[in-house]
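The values are calculated or read from the model by the stated rules, or taken from the named source; none is laboratory data. Please read these numbers as outputs of a predicted model, since none were measured by experiment. Don't worry about glycine lacking a Cβ; one is built from the backbone with ideal geometry, like all the others, and counts go over all protein chains shown. Calculation scope for accessible area: heavy atoms of the full protein, side chains included, ligands and nucleic acids excluded. Shrake-Rupley method; radii C 1.70, N 1.55, O 1.52, S 1.80 Å.
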Amino acid sequence: MSSPSQVSLSYRDAGVDIDAGDALVEAIKPFAKRTMREGVLAGIGGFGALFEVSKKFKEPVLVAGTDGVGTKLKLAFHLNRHDTVGIDLVAMSVNDILVQGAEPLFFLDYFACGRLDVAAATDVIKGIAQGCEQAGCALIGGETAEMPSMYPDGEYDLAGFAVGAVEKSKIIDGSKITPGDVVLGLASSGAHSNGYSLVRKILEVAKPDLSADFHGRPLADVLLAPTRIYVKPLLSLMNTLDVHGLVHITGGGLVENIPRVLQPHLTAELQRDAWTMPPLFSWLQQYGGVADDEMHRVFNCGIGMTVIVSKQNADTAEAGLKRLGETVYRIGTIRERQGDEAQTIVI
């Protein structure tokens with residue numbers, strides 16, 4: 001065994017920039033402050049954040065969700081653009097808990113890197129704060145982990161955690177969905193945060209100029225467009241009428257996500273001509289030679305959230321969501337399942 005080293009080592013010698021971490025904390029405090037809401041007792045800076053559930057809930061049930069941004073981050077690294085992935089991070093979790101009827105209350109993030117780039121990390125956190133503002137939830141804490149040799153220079157990973165609350169009697173679980181119900185589709189803002197392994201493969205094959213104009217915007221902007229957050233309009237809708245089911249269209253597309261809220265004897269029959277697939281998806285399909293079935297399984301194809309309501313409430317729901325700024329399509333209906341057919345079909 002060799003003798004102990006006589007040199008004096010410190011954390012900095014291990015590659016950790018302590019000053020950068022302190023600078024990031026100070027940089028993000030103003031953005032987090034803008035997201036504060038009723039219930040926050042202690043936020044960023046302590047060992048744990050404190051949140052008191054509002055007395056407006058009589059029988060509150062907490063709903064929690066966690067997610068990341070996936071390989072969309074690789075595209076952000078390539079373009080050296082970090083201002084939108086934070087919004088993606090929030091959206092993936094808050095949209096998930098929303099579909100059970102929950103109002104998002106607070107959010108925490110985990111940012112891990114090899115060496116902290118304060119400017120890039122600040123852009124990410126600013127996006128997280130912006131996403132929390134859109135969702136009406138508080139950014140009350142998080143963790144920045146600097147781990148030398150774990151990640152290549154210029155790269156990082158993200159995870160997010162959202163907690164919301166819903167009255168026990170108002171949990172949306174799909175049990176009210178019946179034949180004849182109408183499926184409304186809310187337009188997506190792009191590919192959101194799913195299918196980017198295939199997107200990057202198509203880009204590798206097609207080799208497009210990402211700065212070139214694509215229907216009025218640079219292609220890079222279209223590819224990095226942040227995931228739409230549907231919280232405020234859908235909470236408003238849920239306060240005015242009975243929503244039978246909500247589905248966040250993430251990995252698995254329409255055909256694999258809608259069945260998650262359907263009872264075994266039901267099928268959602270969707271009409272492919274009921275909405276126009278945005279140019280991005282047509283471009284990906286053309287240059288990737290992607291089959292229709294694969295498109296519906298991998299991408300949202302222009303529909304980021306579905307709302308299932310009774311036929312009697314469909315017109316009211318559609319009009320209300322449009323007034324709140326959503327682009328709404330009546331994309332299908334619920335019917336009895338025939339034999340062992342798929343629970344979501346696109347015809």
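Count Lys and Arg as plus one, Asp and Glu as minus one, and take only other residues whose Cβ is under 13 Å from that of residue 243; the net charge is then -2. Each of 244, 188, 211 was placed along the dipole of the stretch 179-251 (beta-carbon charges, centred on the mean Cα), and the one lying farthest toward the positive end is 211. The dipole here belongs to the chain: it is taken about the Cα centre, uses +1 on the Cβ of Lys and Arg and -1 on the Cβ of Asp and Glu, and is about 780 debye. Close amide H contacts of residue 114 (hydrogens built in the peptide plane, cut-off under 5 Å, sequence separation of 5 or more or a different chain): 147, 151, 155. When the chain is treated as a GNM with alpha-carbon contacts under 10 Å, the residue of 57, 111, 161 showing the greatest mean-square fluctuation is 57. For the stretch 159-243, the gyration tensor built on C-alpha atoms gives a prolate shape. Its axis ratio a/c (a ≥ b ≥ c) is at least 1.5, and a/b is the larger of a/b and b/c.
If you take the beta carbon distance between residue 330 and residue 149 as r and set R0 to 35 Å, what does 1/(1 + (r/R0)^6) give as a FRET efficiency, to the nearest 0.05? Efficiency, rounded to the nearest 0.05: 0.10. In the chain, taking the dipole from charged Cβ atoms about the Cα centre, the farthest positive-side position among 48, 152, 339 is held by 339. Note that the stretch 222-347 shows a convex hull volume over its alpha carbon atoms of 113 Å³ per residue. Taking a straight Cα-Cα cut-off under 15 Å and skipping sequence neighbours fewer than 8 places away in the same chain, the aspartates and glutamates within cross-link reach of residue 170 are 59, 103, 242.
In a simple Cβ point-charge model (Lys, Arg +1; Asp, Glu -1; nothing else charged), the stretch 164-322 has a dipole of about 360 debye relative to its Cα centre. Length gained on full extension, residue 206 to residue 292: 29.1 nm, using 0.36 nm per residue less the C-alpha separation. Heavy atoms of the protein chains alone define the surface here; on that basis the chain has 47 Å² accessible area per residue at 1.4 Å probe size.
For the stretch 289-347, a crude dipole built from +1 on the beta carbon of Lys and Arg and -1 on the beta carbon of Asp and Glu, taken about the Cα centre, is about 320 debye to the nearest 20. Computed packing ranks the peptides 34-41, 99-106, 140-147, 247-254 as 99-106, 247-254, 140-147, 34-41, most packed first, by mean other Cβ atoms within 10 Å. Computed 3J(HN,Hα) for the stretch 206-213, one whole-Hz value per residue from the Karplus formula 6.51 cos²θ - 1.76 cosθ + 1.60 where θ = phi - 60°, is 7, 6, x, 7, 5, 8, 6, 5, glycine and proline marked x. Counting only DSSP H runs of at least 4 residues, each contributing -39500 (n - 2.57), and dividing by the residue count of the chain, the helix-based mean residue ellipticity at 222 nm comes to -9500 deg cm²/dmol.
Listed options for Kirkwood radius over Cα pairs in Å are (i) 22.4; (ii) 20.6; (iii) 21.6. The value calculated from this structure is the one marked (iii). Once the C-beta distance of residue 215 and residue 42 is scaled by a Förster radius of 56 Å, the resulting FRET efficiency is 0.75 to the nearest 0.05. Each residue of the stretch 65-72 was assigned a 3J(HN,Hα) from its phi angle through the Karplus expression (A = 6.51, B = -1.76, C = 1.60, θ = phi - 60°), giving x, 9, 6, x, 10, x, 7, 4 Hz with x at Gly and Pro.
Reported to the nearest whole Å, the Cα centre-to-centre distance from the stretch 273-303 to the stretch 97-158 is 29. With R₀ fixed at 22 Å, the C-beta to C-beta distance from residue 34 to residue 110 puts the FRET efficiency at about 0.60. Evaluating 6.51 cos²θ - 1.76 cosθ + 1.60 at θ = phi - 60° for every residue in the stretch 319-331, the Karplus couplings come out as 5, x, 5, 5, 5, 8, x, 8, 8, 10, 10, 8, 9 Hz, glycine and proline recorded as x.
Loop-located trypsin sites (Lys or Arg not before Pro) in the stretch 123-187 (DSSP state other than H, G, I, E, B) with a sparse environment of at most 10 neighbouring Cβ atoms within 10 Å are absent.
Counting charges near residue 268 (Lys, Arg +1; Asp, Glu -1) among other residues having Cβ under 15 Å from its Cβ returns a value of +3. Cross-link reach is defined here as a Cα-Cα straight distance under 23 Å, omitting same-chain residues fewer than 8 places apart; for residue 72 the lysines meeting it are 126, 201, 207. For the stretch 212-253, the Kirkwood hydrodynamic radius comes to 13.2 Å, computed from all pairs of different C-alpha atoms.
Pairs 55/176; 176/311; 29/74; 58/176: which are spaced more than 19 Å apart, C-alpha to C-alpha? Over 19 Å Cα-Cα: 55/176; 29/74; 58/176.
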